[in-house]
Amino acid sequence: MTLTPKQKEKILQAGKIASEVKSWIKPQIKKGISLLELAEKIENKIFELKGKPAFPTNLSINEIAAHYTPYYNDDLVAQGLLKIDFGVHVDGWIADTAFSVDLENNSENKKLIEASEKALKSAIKEAERKSSLGEIGKAVQETIESYKFSPIINLTGHEMEEYELHAGLTILNIANTKKESLHKGLFAIEPFATTGSGKIYEGKPSGIYILIDSKNVRNPTAREILDFISEEYQTLPFCSRWLVKKFGTKSLFALKQLEDNGNLHQYPQLVEVSHSKVSQAENTILVDDRVIVTSE
Ligand code: MN
Ligand code: MN
């Protein structure tokens, strides 16, 4: 897609904020820190830097590959192999980035983290060479397999558009036959490496939602919350924690009604099938005349 100079400016701005938040939060991630506190620190910093969270901060531990965001009263603490995946948007233009940390001084964790980071680098190198999507996937797979780990085959990178976190193209993390290369636009590349069999299943509900239909709902509280969601998050994901902050715990019942009424979709947690550890690395790239990594 063709992006205007103004849109590119917002994309770069979102990337710059993401990058700043990342280097600011990294030294603060310690074993035992509450996940709730960590998510709020990240999200508050995004606001402080004049961005908005593009989705709830994902803080997924060990075999949970993605989609764990703390509940409003969460008491889980940072431990094991922790993936920190967060997003920033400026007027709907997104930077999506993730990194993993080892909180138990475990050499296998460290190797897993190195594998997904190297895979991300090699995928970006392929994108810079205008390689096909098939070759990008192959580079990810080969890099991760060179560490004797497996890529997760049913989690992919993705195109992004204005207020759309997952739009258009998907970028597989395994070799495939797609001959096309990345067109001009905005993409997130995100390899996952695991000691397990390399697939995820849909686990428990995550408390992360997306608006799918703004049709009317009878309950006035649910209506009020739906209006807020449409206005504030539009078509980007949000979580129950954010709504409890704004409306109190009555929003939990409203969310249930909105889900039952077909207004909202709730994402499940994504768990590795063999319950093995998973690492992730992710950056956003702007593909223009050249490739710019916006979130690094
Ligand atoms: Mn992400
Ligand atoms: Mn992503």
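Output the 0 to 90 degree angle, nearest 10, between the alpha-carbon long axis of helix 35-48 and the longest principal axis computed from the alpha carbons of the chain.
Once rounded, one gets 90 degrees.
By its C-alpha gyration tensor, with a ≥ b ≥ c as the square roots of the eigenvalues, how is the stretch 199-284 shaped: rounded for a/c under 1.5, else prolate for a/b larger than b/c, else oblate?
It is prolate, given that a/c is not under 1.5 and a/b is the larger ratio.
With a Förster radius of 51 Å, plug the Cβ-Cβ distance of LYS148 and GLU9 into 1/(1 + (r/R0)^6) and report the FRET value to the nearest 0.05.
With R0 = 51 Å, the Cβ-Cβ based efficiency is 0.75.
Using just the alpha carbons, could you tell me how many Å³ per residue the convex hull of the stretch 143-236 encloses?
It comes to 144 Å³ per residue, whole-number rounded.
What FRET efficiency do you get for SER132 and LYS246 if R0 is 51 Å and r is their Cβ-Cβ distance, rounded to the nearest 0.05?
The computed FRET efficiency comes out at 0.70.
Which sequence of HIS166, HIS265 reflects their accessible areas, 1.4 Å probe, from the largest down? Could you put the intermediate results ahead of the total?
On the way: HIS166 115, HIS265 80 Å².
So, going from the largest accessible area down, we get HIS166, HIS265.
Which one, LYS246, LYS148, LYS52, has the greatest fluctuation when you compute a Gaussian network model over the chain with C-alpha springs under 10 angstrom?
Among LYS246, LYS148, LYS52, the largest GNM mean-square fluctuation belongs to LYS246.
Of THR284, THR195, THR2, which has the most accessible area with a 1.4 Å probe, and how do the rest follow in descending order?
Result, largest first: THR2, THR195, THR284.
Heavy atoms of the protein only, probe of 1.4 Å, neighbouring chains included. What is the accessible area of GLU40 in Å², nearest 10?
50 Å²
With all protein chains present, calculate the accessible area of VAL77 using a 1.4 Å probe and round the result to the nearest 10 Å².
50 Å²
At a 1.4 Å probe radius, carbon and sulfur cover how many percent of the accessible area of the chain?
After summing per-atom areas, the C and S share lands at 50 percent.
Find the centroid of the Cα atoms in the stretch 234-285 and in the stretch 80-116, then give the distance between the two in whole Å.
Distance between centres, Cα-based: 18 Å.
I'd like to know which of TRP242, ILE174, PHE192 lies farthest towards the positive end of the charge dipole of the stretch 127-272, counting +1 on Cβ of Lys and Arg and -1 on Cβ of Asp and Glu.
About the Cα centre, the residue reaching furthest to the positive side is TRP242.
Under the 0.36 nm per residue contour assumption, what length would be gained going from the current alpha-carbon distance of LYS26 and LYS184 to full extension? Could you put the intermediate results ahead of the total?
Working: separation 158, 0.36 × 158 = 56.88 nm, distance 3.12 nm.
Here the answer is 53.8 nm.
If you line up the long axis of helix 107-128 against the longest principal axis of the chain, both from Cα atoms, how many degrees apart are they, to the nearest 10?
Helix 107-128 sits roughly 80 degrees off the main axis of the chain.
Report the extension gain between GLU296 and SER34 in nm, rounded to one decimal, defined as 0.36 nm multiplied by the number of residues separating them, less their alpha carbon distance.
Numbers: separation 262, 0.36 × 262 = 94.32 nm, distance 2.56 nm.
This chain segment gains 91.8 nm when fully extended.
Which whole-number percentage describes the relative contact order of the stretch 206-268, with Cα contacts under 8 Å and a sequence gap of 6 or more?
55 percent
So for the pair TYR201, ASN219, with labels modelled 7 Å out along Cα→Cβ, what separation do we get in nm?
Placing both labels 7 Å along Cα→Cβ, they lie 3.1 nm apart.
The values are calculated or read from the model by the stated rules, or taken from the named source; none is laboratory data. Since this is a predicted model, take the numbers as computed values, not measurements. A quick note on method: Cβ atoms are made from the backbone with ideal geometry, for glycine too, and the neighbour counts reach across all protein chains shown. The area values use the complete protein model at the heavy-atom level, side chains included, leaving out ligands, DNA and RNA. Shrake-Rupley method; radii C 1.70, N 1.55, O 1.52, S 1.80 Å.
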